[in-house]
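Each remark here refers to the structure printed beneath this line.
The values are calculated or read from the model by the stated rules, or taken from the named source; none is laboratory data. What you are looking at is a predicted structure, and each value in this text was computed from that prediction instead of being measured. Methodologically, a virtual Cβ is constructed for each residue, glycine included, from the backbone with ideal geometry; neighbour enumeration extends over all protein chains shown.
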Amino acid sequence: MPRLGLRKIVAVLGTLTVLGTLTLVTGCGADDDGPDRGRRPSGAHVTIHVPADAPMISAAVSLAHPGDLVLVAPGVYHESVKIGTARVTLRGESRDKVVIDGRLRQPNGVVVAAPGVAVENLTVRNNTQNGVLVTGSAKAVAGLPGRSGGYDTGDEPVSFLKSFLVSHVTATRNGLYGIYAFSAQDGVIEHSYTSGSADSGIYVGQCKPCRVVVRDNVAELNAVGYEGTNASGDMYVVGNRLVGNRVGLTTNSDHQEKLLPQRGAVIAGNLIAENQQTLTPAQADGGWGIGIGVDGGSDNRFVRNRVAHNLYAGLVITATVDIPPDGNQIVENTFAANGVDVGGTFPTATRGKGNCLRGNELRTTAPARLAATASCPVSATSATPSGTWERPTAPGGVPFTDVAAPGPQPQFPHAATAGPTVVPAVPALPDTAGVRLPSASLLAGSARVRTS
């Protein structure tokens, strides 16, 4: 199986002409007001209204002090917003009507480059790279893509942004990722919707330990719904709906990023189904019809997920180049109507060890009797059996700009009247013992997974 985790800009831009990159305005917390920048209300922890106090979101962010709320009125804002001041809340009054639109002229819609920032209740669309980028990497902040479309950090030391929140955000029709946390720790991505991402709807990369929670999101019509690359340690993906992409979810190791190998994610209580949609951007490595792909990832736990109707495989374990997948546990999941429910495939000399299954509802495995021969617990040195099965041909994709527009999404409660959001230094991590298997009724078209 080709690697699922390479971060390549897919050749779906077609004849799009990128007309230029808009200058990012950093949120430096300055007090020098002006007719184009607006004026910050006096006091501590104030609300700066857009456009009443500042004409554009970037102008309002540049006025903000730690603890301030930038509250944005409905409208379409053609700008790229960089938040460089700690503990600022950026919130739209209406999730569907506050739109940051890149017009395919800028790499990012919102860049979070300071700790304790919350981005809430708005839509980001039509950016050549990312809808929302959260990062501690200076190169990523500068919008400098690497050779394969992600961020090639080279000799740059790993620098983490600590503490962030992305909540009730709609990210659609972006050229790489919808919501992208790279070299970031101690954060939450929740209650958000992503579609039309030419790589992944939600991506968490290069963190160790991550202490990141991805919960109660919907990812559909992306090349990949969720991808975690070199994302290790207290990495939780819980209660999400990853339905109708090309690939539902991958957790993988990739030499293009630091902090190899990927280890120690918990994937629990997710609905992962119907991931063979054709009117989606083509997945960079050709993946299609896959619910869950483990590509060189180790010591991950897959618990009480419902994985159904994925044409090639419900869950497939493979190696990435020279990195084996070891010690993954597949426990109490329900698999139904997949090409193969669970399969291990190792076409090269790199083989996985210590991977095991327990208490799952499934019908088909590759090789046959995998559930018996690799039943938990197994020895850490026990080679994972390898199988083969028919692989469907992936159809061509569509430009990310042609993916269907989303409908209205759930609003942030009391968006116009709630005060600033206080983002915790370290998020509360889920207790997976209380995470339930999603109901089969959630396989209905627009049903939403809830974690509580």
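Structural remarks
- Residues located in the stretch 443-452, provided they are among the hydrophobic types (A, V, I, L, M, F, W, C), part of a loop (DSSP other than H, G, I, E, B) and either surrounded by 15 or more Cβ atoms within 10 Å (Cβ to Cβ) or in contact with a strand residue (DSSP E or B) (Cβ under 8 Å, 6 or more places away or on another chain) (or both): ALA447, VAL449
- From the options SER159, SER167, residue that is at pLDDT 95 or above and not aliphatic (A, V, I, L, M): SER167
To keep it simple, each residue is scored yes or no on (1) of a type outside the set (Val, Ile, Thr); (2) within 24 Å of VAL169 (Cβ to Cβ); (3) touching a Leu at 6+ places or on another chain (Cβ under 8 Å).
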{"site": "VAL214", "(1), (2), (3)": "no, yes, no"}
{"site": "GLU227", "(1), (2), (3)": "yes, yes, yes"}
{"site": "GLY244", "(1), (2), (3)": "yes, yes, yes"}
{"site": "LEU249", "(1), (2), (3)": "yes, yes, yes"}
{"site": "ASP254", "(1), (2), (3)": "yes, no, yes"}
{"site": "GLU257", "(1), (2), (3)": "yes, yes, no"}
{"site": "GLN277", "(1), (2), (3)": "yes, yes, yes"}
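- The set of residues in the stretch 405-421 that are over 18 Å from VAL61 (Cβ atoms) and among the β-branched types (Val, Ile, Thr) contains only THR417.
- Flag not set for VAL426, criterion: β-branched (Val, Ile, Thr) and either at positive phi or crowded, with 17+ Cβ neighbours inside 10 Å (or both).
- Residue in the stretch 259-275 that is touching a Phe, Trp or Tyr at 6+ places or on another chain (Cβ under 6 Å) and free of Cβ contacts under 8 Å to residues at least 40 places away in the same chain present: yes
- Residue in the stretch 231-240 that is among the hydroxyl-bearing types (Ser, Thr, Tyr), within 16 Å of the chain's Cα centre (by Cα) and closer than 15 Å to ILE202 by Cβ present: yes
- If you check ALA371, ALA440 for being in contact with a strand residue (DSSP E or B) (Cβ under 6 Å, 6 or more places away or on another chain) and touching a residue at least 12 places away in the same chain (Cβ under 8 Å), only one passes: ALA371.
- Residue match in the stretch 5-16 (condition: closer than 30 Å to GLN283 by Cα, modelled with pLDDT of 95 or more and surrounded by fewer than 24 Cβ atoms within 10 Å (Cβ to Cβ)): no
- Only one entry of VAL188, VAL214 meets the criterion of being free of Cβ contacts under 8 Å to residues at least 40 places away in the same chain, in a strand (DSSP E or B) and either more than 18 Å from ASN310 (Cβ to Cβ) or of a type outside the set (A, V, I, L, M, F, W, C) (or both), and that entry is VAL214.
- Flag if SER200 is under 9 Å from the mean Cα position of the chain (by Cα) and crowded, with 24+ Cβ neighbours inside 10 Å: yes
- The set of residues in the stretch 214-248 being within 26 Å of ILE323 (Cα to Cα) and in contact with a helix residue (DSSP H, G or I) (Cβ under 9 Å, 6 or more places away or on another chain) consists of ALA223, TYR236, VAL238.
- Qualifying residue in the stretch 288-311 (condition: surrounded by 22 or more Cβ atoms within 10 Å (Cβ to Cβ), acidic (Asp, Glu) and touching a residue at least 24 places away in the same chain (Cβ under 8 Å)): yes
- Residues of the stretch 97-130 satisfying the condition of being surrounded by fewer than 23 Cβ atoms within 10 Å (Cβ to Cβ), in contact with a strand residue (DSSP E or B) (Cβ under 6 Å, 6 or more places away or on another chain), of a type outside the set (A, V, I, L, M) and farther than 30 Å from VAL426 by Cβ: ASP101, ASN126
- Some residue of the stretch 265-273 being buried (at least 24 other Cβ atoms within 10 Å of the Cβ), under 20 Å from the mean Cα position of the chain (by Cα) and part of a loop (DSSP other than H, G, I, E, B): yes
- Selection status of ASP96, at pLDDT 95 or above, under 24 Å from the mean Cα position of the chain (by Cα), farther than 26 Å from GLY136 by Cα and in a loop (DSSP other than H, G, I, E, B): yes
Residue-wise test of (1) modelled with pLDDT under 95; (2) of a type in the set (A, V, I, L, M, F, W, C); (3) part of a strand (DSSP E or B).
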| position | (1), (2), (3) |
| --- | --- |
| ASN275 | no, no, no |
| ALA282 | yes, yes, no |
| VAL294 | no, yes, yes |
| VAL307 | no, yes, yes |
| VAL316 | no, yes, yes |
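- Residue pairs meeting the criteria (Cβ under 7 Å; at least 6 apart or on separate chains; first farther than 13 Å from THR89 by Cα, in the stretch 157-173; second part of a strand (DSSP E or B) and among the aromatic types (Phe, Trp, Tyr)): THR170/TYR193
- Listed by first and then second residue, the pairs linking a residue in the stretch 417-428 that is in contact (Cβ under 8 Å) with a residue 60 or more places away in the chain to a residue that is among the acidic types (Asp, Glu), with Cβ atoms under 6 Å apart and 6 or more places separating them unless they lie on different chains, are VAL426/ASP186.
- ARG211 passes every criterion in (1) buried (at least 24 other Cβ atoms within 10 Å of the Cβ); (2) at positive phi apart from (1).
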